[in-house]
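To start, the structure itself, in structure tokens.
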Amino acid sequence: MRMETKLAQIGTKKERKTGAINFPVYFATAYEHVGGVSTGFDYTRTANPTRQVLEESIARLEGGDAGFACSSGMAAIQTVMGLFSQGDHLIVSLDLYGGTYRLFEQLLTRYGLQFSYVDLRDLEAVEQAIRPNTKALFIETPTNPLMHVVDLVQVCQIAKQYQLLSIVDNTFMTPYLQQPLKLGADIVIHSATKYLGGHNDVLAGLIVTKGNELSERLLFLHNSIGSTLSPMDSWLLMRGMKTLALRMEKHQENARCLAEYLSQHPLVDEVFYPALDSRGIAILSEQANGFGGMLSFRVKDKRYIQSLLQNLKIITFAESLGGVESLITYPATQTHADVPEEIRLKVGVCDRLLRVSVGIEHVEDLKQDIENAFRSVEK
Ligand SMILES: *Cc1c(COP(=O)(O)O)cnc(C)c1O
């Protein structure tokens with residue numbers, strides 16, 4: 001089956017008793033041992049029928065062996081971090097989702113984990129950062145918010161060579177565009193709140209593992225920590241995922257048009273979109289099926305930001321991404337507010353940078369909205 005078919009068919013032909021087209025929500029937290037024997041479901045934290053359909057689906061979509069649905073993307077990341085012990089070191093993408101940075105720096109360092117932030121496009125820098133206690137690479141690609149594209153095949157090869165785990169946060173691309181496990185990664189993480197859910201109405205995270213040993217260890221962590229997704233949210237997420245293919249095509253088409261429009265605009269300094277970057281194109285055209293729906297741009301003057309944000313009528317100034325509605329974010333005060341200013345500036349997340357999650361509206365309306373907002377700046 002092709003990806004579009006797998007997506008549209010999530011949960012169908014699974015409920016044989018009634019033939020329900022979409023899988024029902026099982027709210028029960030406890031399950032009878034009929035005739036003294038477990039049905040395979042005992043207690044909902046350990047396994048829930050609705051959640052299980054979602055978990056099997058994401059494992060199949062990513063080409064992995066086991067899936068785990070979590071209460072948020074952060075819960076998924078925290079659960080995976082349970083693989084590591086005091087004194088372990090991880091090499092992490094440099095311009096990383098701000099919440100992940102906050103978890104690593106403000107919590108996990110207290111548990112004795114160590115993190116080095118490295119531009120993973122630079123393979124030499126990756127090798128140089130490896131220490132005797134390094135256990136894993138934590139990779140975002142394209143990165144957030146600067147859309148740097150990492151060569152997953154090469155980076156995962158280095159990880160294998162040094163016996164490190166490769167963990168990829170695949171939130172921006174989704175399995176529709178990029179399947180990191182097939183490129184050599186061991187674990188994939190999603191904030192399913194974003195493109196997989198797709199409608200800005202469900203908070204969820206997903207983990208997919210490859211191989212029996214890792215899958216067993218994650219099964220233990222997921223159940224022990226209790227970072228599990230509720231049955232209702234599992235159902236909502238599956239409903240969203242069914243249309244992922246259609247949505248991603250449109251997000252991507254719109255993002256490409258907007259990126260081109262912005263790169264011609266006299267008040268815009270620089271646009272960050274993988275399809276405008278020759279390196280990004282080269283890597284993604286081999287390793288992925290497209291460039292995604294996220295872009296960032298730097299305006300020429302910091303003073304434009306405020307009136308631009310206030311005068312947009314369609315694109316909403318809000319902090320998230322991946323939904324059908326276009327959102328614009330100011331990373332310096334929103335997503336990356338917990339990254340110290342010095343590091344933010346070093347990484348390139350300056351106070352002239354805006355990030356757009358391009359929705360599925362008509363692209364001419366989006367362009368017009370930005371054009372009008374820019375006009376208010378010039379006045
Ligand atoms: C949003 C996001 C997260 C965190 O996910 P939540 O669902 O908000 O907990 C992690 N990684 C990336 C890339 C994200 O965009």
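The values are calculated or read from the model by the stated rules, or taken from the named source; none is laboratory data. The shown structure was predicted, so the numbers you read here are calculated from the model rather than taken from an experiment. Neighbour counts run over all protein chains shown; Cβ positions are idealised from the backbone, glycine included.
Here are a few things to note about the model shown:
- From the options ARG303, ARG279, ARG298, residue that is in contact with a Lys or Arg (Cβ under 9 Å, 6 or more places away or on another chain), surrounded by fewer than 21 Cβ atoms within 10 Å (Cβ to Cβ) and modelled with pLDDT under 95: ARG279
- Neighbours by Cβ (under 8 Å, 6+ apart or cross-chain): first from segment 332-358, small (Gly, Ala, Ser); second part of a helix (DSSP H, G or I): ALA332/ARG344; ALA337/GLY98
- Test: residue in segment 210-221 that is buried (at least 24 other Cβ atoms within 10 Å of the Cβ) and either more than 17 Å from SER57 (Cβ to Cβ) or touching a helix residue (DSSP H, G or I) at 6+ places or on another chain (Cβ under 9 Å) (or both): no
- Of all residues in segment 89-104, those being surrounded by fewer than 18 Cβ atoms within 10 Å (Cβ to Cβ) and in contact with a strand residue (DSSP E or B) (Cβ under 7 Å, 6 or more places away or on another chain) number 0.
- Filtered residues of segment 1-30 (kept if closer than 16 Å to LEU54 by Cβ, surrounded by 15 or more Cβ atoms within 10 Å (Cβ to Cβ) and either β-branched (Val, Ile, Thr) or within 22 Å of the chain's Cα centre (by Cα) (or both)): LYS6, LEU7, ALA8, ILE10, VAL25
- Residue check, THR50 surrounded by 18 or more Cβ atoms within 10 Å (Cβ to Cβ), at pLDDT 95 or above and out of contact with any strand residue (DSSP E or B) (no Cβ under 9 Å at 6 or more places or on another chain): yes
- For segment 329-363, residues that are within 15 Å of GLN306 (Cα to Cα), within 16 Å of the ligand (Cβ to nearest atom) and surrounded by fewer than 22 Cβ atoms within 10 Å (Cβ to Cβ) total 2.
- On the stretch given as segment 328-379, residues that are of a type in the set (Val, Ile, Thr), assigned to a loop (DSSP other than H, G, I, E, B) and out of contact with any Lys or Arg (no Cβ under 6 Å at 6 or more places or on another chain) total 5.
- Among the residues of segment 53-72, at least one is closer than 30 Å to LEU345 by Cα and in contact (Cβ under 8 Å) with a residue 24 or more places away in the chain.
- Helices (runs of 4 or more DSSP H) fully within segment 1-119 that include at least 3 residues being more than 16 Å from the ligand (Cβ to nearest atom): 3-8, 49-62.
- Some residue of segment 120-131 being within 14 Å of PHE84 (Cβ to Cβ) and more than 16 Å from the ligand (Cβ to nearest atom): yes
- Among residues of segment 141-169, those that are surrounded by 23 or more Cβ atoms within 10 Å (Cβ to Cβ) and among the acidic types (Asp, Glu), counted: 1
- Here is the figure for segment 120-138: residues that are closer than 19 Å to LYS346 by Cα and buried (at least 17 other Cβ atoms within 10 Å of the Cβ) total 4.
- Residues of segment 74-95 that are polar (S, T, N, Q) and more than 22 Å from ARG121 (Cβ to Cβ): GLN78, THR79, SER85, GLN86.
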